[in-house]
């Protein structure tokens, strides 16, 4: 199978030539650190916490729907939001949760957004 011609490593400081986007020294680890922040989400403690939040708030905070409810972290765990603080969670229906998560992603990828350095 033909390979593409070598190009410079994707790391701005590296001059190494590679056909894989980044040289071997600068390859990123898949999902590095992600599992430590939020885990699988299926621990007994999370299931109990989630059930308590759904009982306390039985409808979507945004649209009032009473079906397909999910517990959302207002400040995402990826931005050091507290997983267990009831003040940092809200109940959203699946559709509103998708919208909110998309807004969070767009905000994070915008220049100057959280997690990016100038």
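Quick notes on this structure:
- The C-beta contact set for segment 68-87 (first residue at positive phi and free of Cβ contacts under 8 Å to residues at least 40 places away in the same chain, second residue assigned to a strand (DSSP E or B) and surrounded by 13 or more Cβ atoms within 10 Å (Cβ to Cβ), distance under 6 angstrom, 6+ apart or interchain) comprises 68/93.
- When 59, 15 are checked against the criterion of being modelled with pLDDT of 85 or more, over 21 Å from the mean Cα position of the chain (by Cα), assigned to a loop (DSSP other than H, G, I, E, B) and over 21 Å from residue 97 (Cα atoms), a single residue qualifies: 15.
- Meets criteria (farther than 18 Å from residue 91 by Cβ and at pLDDT below 85) for residue 25: no
- Within segment 66-97, being assigned to a loop (DSSP other than H, G, I, E, B) and crowded, with 16+ Cβ neighbours inside 10 Å holds for one residue alone: 76.
The values are calculated or read from the model by the stated rules, or taken from the named source; none is laboratory data. Everything quoted here is computed from the prediction, not taken from an experiment. All Cβ positions, even for glycine, are placed from backbone atoms using ideal geometry, and neighbour counts span all protein chains on display.
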